[in-house]
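Q: Below is a structure I'd like to ask you about.
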Amino acid sequence: MDNANTMSAEVDAAVIEELHEAFESGELVLFVGGGISAAAGLPTWRQLVDLLVERVREQVGDEVVVAEVASLARSQRYSEALAAAEHALGAAEFNAFVEDALDDEGLEPPRIAIAIAALRDKLRAVLTTNLNHLLERAFAFEWETMWRVTDEVAWRRRFILKLHGTLKEPTSWVFARERFIASIAAPDVRRSLTAVLSKCPVLFIGFGRADSNFDEMLSDIHALSGSSPPPRFLLVPSASLTPYRRTMLVGMGFRLIPYDTPDGSHDRALAILERMSAPRQRATASRASRSIVPPPIPDLELPPSSSPLGFPSYDLPSDLAAYDDTVTMPGAIDAPRRERASEPPASPIEVFFSYSESNRELRDKLETHLAILKHKGVIRGWHDGEIGAGEERDRAIAEHLETAKIILLLISADFLASDFCYDVEMQKAIERHERREARVIPVILDACDWEGAPFGKLKSLPRGGRPVTSWVNQSEAFTDIAKGIREQVEQLSQNPS
């Protein structure tokens, strides 16, 4: 028995370590269930249905109708019970009752929601089945909230997608599985979800066996994830994992992270989240210790490694007494250290995006294609969308224009027609470029007469100045641009002055 417990602990530790690596990659997506709402004191799906049974009894009084809703609830067919209650009460009465029952106004976001929000700097996105606003509030409304799946989810970051709708918009609610399937039936929507689920590791949290149609939803996600999906982790109470259910979930490729709830609380789930996000300790070097060679900037055509570093470790020579960033390879202790062109700089290089608001979508796509450089700490992107509440817009822009080492001019007819883009941002960028204080890179988004502009003599991207919108596959255009920017970053890394 002890050996079995030890083996289980080792497996759990290995899965948590894999989760930590997925988190560090910057691609982890959180899928958050109704447990977050229950932790704040809101009713679970089962409790909501029980309340609706009583409401139907009060408002309708027909015991046959009441018995139908109650029977569906006892069978844990909650989505069908909700549909039956809506049919009995009528849409207006049902909507008002549900909105009042699930309203989180006046409730503090629970500790688990705060713990999730604390991970936001390295998360890609959050998907949730919750209708309420607890997560948005825990995130201090810093992330955009969406409740309809669009093609944006394939390339956007830092958003909360509410798959079952949002509380104040009853027309967005999706309780029945059939309606959920219908909501993702459109080919472009399915492509978008598949693009995320087939490339990004996912952590499910806040789900229990009692969640409405959860296992069916996991099956849907399994089907959308492709034949070789990235890791999918399931953080669930141990009591919800019956032997058959465990076998089924493992068979679908889910990494299980069970936790005990001896006192009815989910504090151990909190501890796992904290462990996942905790920084790793840097070991001191000795004969038995190991260090990591700083990773090169990867080829942007390759997907990021499942490891946050994606580079092998090497034994340090025994006469090095402590960790040193100037790692020497074994067998070459006396050789002079050669600076690698792709070694990340000591601090991120700031990249300023100058663009017309009409090109915001293309700017976001370019930013997505630069994500690997950002995750490796090589660059830090900035544009006016980063300006916080209460900040003076013109001053913030002027400050970052003055400090950025790379300035991207996102060129289109709208950019050229904008007095602010052309006369303020572009002129300041050219001045700094001519003083060799920054590098200006024109990025041609759309066809326009730009060659006679002050930046016309500069090398532009994509190659040959071919506008992004003229490419059949725009991802190829953005990849070409990202490679060109990476080359400039590598040059600045070698010659920062």
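The values are calculated or read from the model by the stated rules, or taken from the named source; none is laboratory data. As the structure is a prediction and not an experimental result, all values here were calculated from the model. Heads up, the Cβs are rebuilt from the backbone with ideal geometry, glycines too, and the neighbour counts pull from every protein chain shown. SASA here: full protein model, heavy atoms, side chains in, ligands and nucleic acids out. Shrake-Rupley method; radii C 1.70, N 1.55, O 1.52, S 1.80 Å.
Q: Take the residues of the stretch 459-476 that are at pLDDT below 90 and open to solvent by less than 30 Å² (accessible area, probe 1.4 Å): which is farthest from HIS433 (Cα to Cα)?
A: Only one residue fits best here, namely TRP471.
Q: For residues that are under 39 Å from the mean Cα position of the chain (by Cα) and over 15 Å from LEU48 (Cβ atoms), tally how many sit in the stretch 63-81.
A: Residues in the stretch 63-81 being under 39 Å from the mean Cα position of the chain (by Cα) and over 15 Å from LEU48 (Cβ atoms): 1 in total.
Q: Kindly check whether there is at least one residue in the stretch 215-238 that is more than 23 Å from SER25 (Cβ to Cβ), modelled with pLDDT of 80 or more and either of a type in the set (Lys, Arg) or in a strand (DSSP E or B) (or both).
A: Among the residues of the stretch 215-238, at least one is more than 23 Å from SER25 (Cβ to Cβ), modelled with pLDDT of 80 or more and either of a type in the set (Lys, Arg) or in a strand (DSSP E or B) (or both), which makes the answer yes.
Q: Does ARG246 count as basic (Lys, Arg), assigned to a helix (DSSP H, G or I) and at pLDDT 80 or above?
A: Working: basic (Lys, Arg): yes; assigned to a helix (DSSP H, G or I): yes; at pLDDT 80 or above: yes.
Against the criterion (basic (Lys, Arg), assigned to a helix (DSSP H, G or I) and at pLDDT 80 or above), ARG246 qualifies.
Q: Condition first: open to solvent by 60 Å² or more (accessible area, probe 1.4 Å), farther than 30 Å from ASP267 by Cα and among the small types (Gly, Ala, Ser). Can you find one or more residues in the stretch 109-119 that meet it? Working first, answer last.
A: Keep residues of the stretch 109-119 that are open to solvent by 60 Å² or more (accessible area, probe 1.4 Å), which gives 111, 114, 118.
Applying the additional criterion that residues be farther than 30 Å from ASP267 by Cα yields none.
No, the stretch 109-119 contains no residue that is open to solvent by 60 Å² or more (accessible area, probe 1.4 Å), farther than 30 Å from ASP267 by Cα and among the small types (Gly, Ala, Ser).
Q: What is the one condition in (1) out of contact with any Phe, Trp or Tyr (no Cβ under 8 Å at 6 or more places or on another chain); (2) surrounded by 16 or more Cβ atoms within 10 Å (Cβ to Cβ) that LEU410 does not satisfy?
A: Unmet condition: (1).
Q: May I pose another question? Scan the stretch 48-55 and tell me whether some residue there is open to solvent by 20 Å² or more (accessible area, probe 1.4 Å) and among the aliphatic types (A, V, I, L, M).
A: Of the residues in the stretch 48-55, the ones open to solvent by 20 Å² or more (accessible area, probe 1.4 Å) are 50-51, 54-55.
Okay, now just the ones that are also among the aliphatic types (A, V, I, L, M), so 51.
Yes, the stretch 48-55 contains at least one residue that is open to solvent by 20 Å² or more (accessible area, probe 1.4 Å) and among the aliphatic types (A, V, I, L, M).
Q: Could you check, for the stretch 390-399, whether at least one of its residues is part of a loop (DSSP other than H, G, I, E, B), without any contact (Cβ under 8 Å) to a residue 60 or more places away in the chain, open to solvent by 10 Å² or more (accessible area, probe 1.4 Å) and closer than 18 Å to GLU357 by Cβ?
A: So the first thing to find is which residues in the stretch 390-399 are part of a loop (DSSP other than H, G, I, E, B), and the list is 390-392.
Next, from what is left, pick out any that are without any contact (Cβ under 8 Å) to a residue 60 or more places away in the chain: 390-392.
When the remaining residues are screened for being open to solvent by 10 Å² or more (accessible area, probe 1.4 Å), the result is 390-392.
Those left that are additionally closer than 18 Å to GLU357 by Cβ: 391.
Yes: one or more hits.
Q: Please work out if TRP147 is touching a Lys or Arg at 6+ places or on another chain (Cβ under 9 Å) and free of Cβ contacts under 8 Å to residues at least 60 places away in the same chain. Walk me through it before giving the result.
A: On the way: touching a Lys or Arg at 6+ places or on another chain (Cβ under 9 Å): yes; free of Cβ contacts under 8 Å to residues at least 60 places away in the same chain: yes.
Taking the combined requirement at face value, the residue satisfies it.
Each row is one residue, and each column tells you yes or no for (1) among the charged types (D, E, K, R); (2) touching a residue at least 60 places away in the same chain (Cβ under 8 Å).
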position: ALA14; (1), (2): no, no
position: PHE23; (1), (2): no, yes
position: GLY26; (1), (2): no, yes
position: GLY33; (1), (2): no, yes
position: GLY41; (1), (2): no, yes
position: GLU54; (1), (2): yes, no
position: VAL65; (1), (2): no, no
position: GLU68; (1), (2): yes, no
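Q: With respect to the numbered conditions (1) among the hydrophobic types (A, V, I, L, M, F, W, C); (2) more than 30 Å from the chain's Cα centre (by Cα); (3) open to solvent by less than 60 Å² (accessible area, probe 1.4 Å), which one is the sole condition not fulfilled by ALA404?
A: (2)
Q: Among the numbered conditions (1) within 24 Å of GLU490 (Cβ to Cβ); (2) open to solvent by less than 50 Å² (accessible area, probe 1.4 Å); (3) not in a strand (DSSP E or B), tell me where VAL443 comes up short.
A: Exception for VAL443: condition (3).
Q: Would you pick out the residues in the stretch 417-436 that are charged (D, E, K, R) and either touching a helix residue (DSSP H, G or I) at 6+ places or on another chain (Cβ under 7 Å) or free of Cβ contacts under 8 Å to residues at least 24 places away in the same chain (or both)? Can you show your working first?
A: The initial filter retains those residues of the stretch 417-436 that are charged (D, E, K, R), namely 419, 423, 425, 428, 431-432, 434-436.
Of everything in the stretch 417-436, those that are charged (D, E, K, R) and either touching a helix residue (DSSP H, G or I) at 6+ places or on another chain (Cβ under 7 Å) or free of Cβ contacts under 8 Å to residues at least 24 places away in the same chain (or both) turn out to be ASP419, ASP423, GLU425, LYS428, GLU431, GLU434, ARG435, ARG436.
Q: Take the stretch 368-389 and flag every residue that is open to solvent by less than 50 Å² (accessible area, probe 1.4 Å) and without any contact (Cβ under 8 Å) to a residue 60 or more places away in the chain. Break it down stepwise before answering.
A: Taking the stretch 368-389 and keeping what is open to solvent by less than 50 Å² (accessible area, probe 1.4 Å), we get 368, 370-373, 377-379, 381-384, 387-388.
If the condition is that a residue be open to solvent by less than 50 Å² (accessible area, probe 1.4 Å) and without any contact (Cβ under 8 Å) to a residue 60 or more places away in the chain, then GLY377, GLY381, TRP382, HIS383, ASP384, ILE387, GLY388 are the ones that fit.
Q: Working carefully through the options ILE349, ILE372, ILE397, ILE379, find the one that is at pLDDT 85 or above, within 21 Å of the chain's Cα centre (by Cα) and over 17 Å from TRP143 (Cα atoms).
A: Sole residue among the options that is at pLDDT 85 or above, within 21 Å of the chain's Cα centre (by Cα) and over 17 Å from TRP143 (Cα atoms): ILE379.
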